[in-house]
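The values are calculated or read from the model by the stated rules, or taken from the named source; none is laboratory data. Treat the numbers as computed from the prediction; the structure is a model and nothing was measured. Cβ coordinates were reconstructed from backbone atoms using ideal geometry, including for glycine residues, and neighbour counts include every protein chain displayed. Surface accessibility is based on the protein's heavy atoms, side chains included, excluding ligands, DNA and RNA. Shrake-Rupley method; radii C 1.70, N 1.55, O 1.52, S 1.80 Å.
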Amino acid sequence: MPVISFPQEFNEEELYIDLRSMTGHSLFLKCEGFNFAGSIKFKAAVAMVEAAERDRVLRPGSILVESSSGNLGVALSMIAASRGYQFLCVTDSRCNLATRRLMEALGSRVHVVTDPDPVEGLLGARLTYVRQLCAADPRHVWLNQYHNPNAWKAHYRTTGPAIAREFPNLDVLFVGAGTTGTLMGCARYFKRWHPRVRVVAVDTVGSVSFGDPPGRRMIPGLGMGVRPPLLDASYIDHVVRVEEADTVRTCHRLARRGFLFGGSTGTVVSGAQSWLAQHGRPRLTAVAIAPDLGERYLDTIYQTNWVHDLYGEDVINSDELTVPARSA
């Protein structure tokens, strides 16, 4: 019987979903949403906070501050509450309302940026606000997930080895590209210890991470308005770009099979399907990482009016979403 004292002491690391019936390929989805923060960002948050405490950057009386589109903010809210810190999350209007309320329920403050930077968009405006806070009050401690190496080291130590243990004959790994902490931690691990594994980054159309022009992005989690400082593309074998309409469609296809996931997962699964359709072969084994679950997206991805207004009425009305009945 597991008994814990702090939320970060629990994380389900070994749960996978077989998506062969949906994709037609040997694709396993690693579920990273089964911890108290509900996402893979819990690992990075714990690693960054513990490093800051070891380095005595973070001390009693410090005020944690971070720019986040949602999941890291929730993770830091939970850790701050369990360790007695104040936390201020700087986000923007794309952050789900449920996520903002969750952070506030945990005792954190949330500042929502609404006016984008003319060059670097909403993310640039968020970062400017964080820098101004830190300059005005030295009690603020910015962990800076965009530059902090502990964000990728957490996955080098945990996520990568966990996948390798379960799939010793893995051929390809699909990882979403946001701040790229998860991507770079896994990519660095597999390139060092299992170099035969191909690492495929999945990005959203409108993201500039891999040199594409910026575009509208309404689903938080993946994609960046500035090139991620942690990204080293030399570790990446392929890049797949996914339209947000395909993200929504994939999320609904998964939901029709009883699996409610967030937008990042829909993007990664859609990208994996696209890559496997071109490069897949018999007996190829693939794993994709699902960063979170879908409850926080009920007012967006799973809300019909929101989807229709942004992507058109045919996105989730397609016959392909229907799942045939299965006999008992």
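For segment 152-226, the spread of Cα positions along the three principal axes, ordered from largest to smallest, is 39, 22, 18 Å. Helix 41-54 and the longest principal axis of the C-alpha atoms of the chain enclose an angle of approximately 30°.
Sorted from greatest to least, the principal axis extents spanned by the alpha carbons of segment 6-131 come out as 49, 38, 27 Å. Using every pair of separate Cα atoms, the Kirkwood estimate puts the hydrodynamic radius of segment 5-47 at 11.7 angstrom. Heavy-atom accessible surface of the chain, averaged per residue, reaches 45 Å², computed with a 1.4 Å probe. Computed in the context of the full set of protein chains, the accessible area of the chain at 1.4 Å probe radius has 50% of its extent on carbon or sulfur.
What the Cα convex hull of segment 57-197 gives, in volume per residue, is 136 Å³. Its Cα gyration tensor gives segment 208-306 an equivalent ellipsoid, and the semi-axes of that ellipsoid, as √(5λ) in whole Å with the largest first, are 23, 20, 11.
One decimal place: the segment TYR16-LEU97 gains 26.3 nm when fully extended, by the rule 0.36 nm per residue minus the C-alpha distance. Can you give the Rg to Rh ratio for the chain, taking only C-alpha atoms and Rh from Kirkwood? Answer for the chain: 0.95. The residue among ALA105, VAL208, ASN144 whose Cα reaches farthest toward the positive pole of the charge dipole of the chain, with charges on the beta-carbon of Lys, Arg, Asp and Glu, is ASN144. For segment 72-127, the percent of C-alpha pairs falling in each 10 Å distance bin, counted from 0 to the bin holding the largest distance, reads 26, 46, 24, 4.
With N counted as the residues of segment 134-190, its alpha-carbon radius of gyration over 2.2 N^0.38 Å works out to 1.46.
The magnitude of the dipole of the chain, with charges of +1 and -1 set on the Cβ of Lys/Arg and Asp/Glu and taken from the Cα centre, is near 860 debye.
Pair-distance distribution of segment 272-321: all C-alpha pairs, bin width 10 Å, starting at 0; shares per bin in whole percent are 19, 30, 35, 15, 0. Over segment 134-268, the hull volume per residue, using the convex hull of the C-alpha atoms, is 141 Å³. The simple spin-label model puts a point 7 Å past each Cα toward its Cβ; for THR304 and VAL3 those points are separated by 5.0 nm.
For ARG198, neighbours were defined as the other residues whose beta-carbon sits under 9 Å from its Cβ, and their charges (Lys and Arg +1, Asp and Glu -1) total -1. Treating the angle as unsigned and between 0 and 90°, give the value, to the nearest 10°, between the Cα long axis of helix 244-255 and the longest Cα principal axis of the chain. On a 0 to 90 degree scale, this one is about 70.
Taking Cα centre as origin and charging only the Cβ of basic (Lys, Arg, +1) and acidic (Asp, Glu, -1) residues, the dipole magnitude of segment 1-44 rounds to 180 debye. Around GLU53, under 12 Å between beta carbons, what's the net of Lys plus Arg minus Asp minus Glu among the other residues? So the surrounding residues net to +2.
Put a plus charge on the Cβ of each Lys and Arg, a minus charge on the Cβ of each Asp and Glu, and nothing anywhere else: the dipole of segment 1-118 about its Cα centre is then about 200 debye.
Each Cα pair of segment 225-265 feeds into the Kirkwood radius, which the Stokes-Einstein equation turns, at 25 °C and 0.890 mPa s, into a diffusion coefficient of 196 µm²/s.
Annotation for segment 159-263: trypsin sites (Lys or Arg not before Pro) lying in DSSP loop with at most 15 further Cβ atoms inside 10 Å of their Cβ are ARG196, ARG216, ARG256, ARG257.
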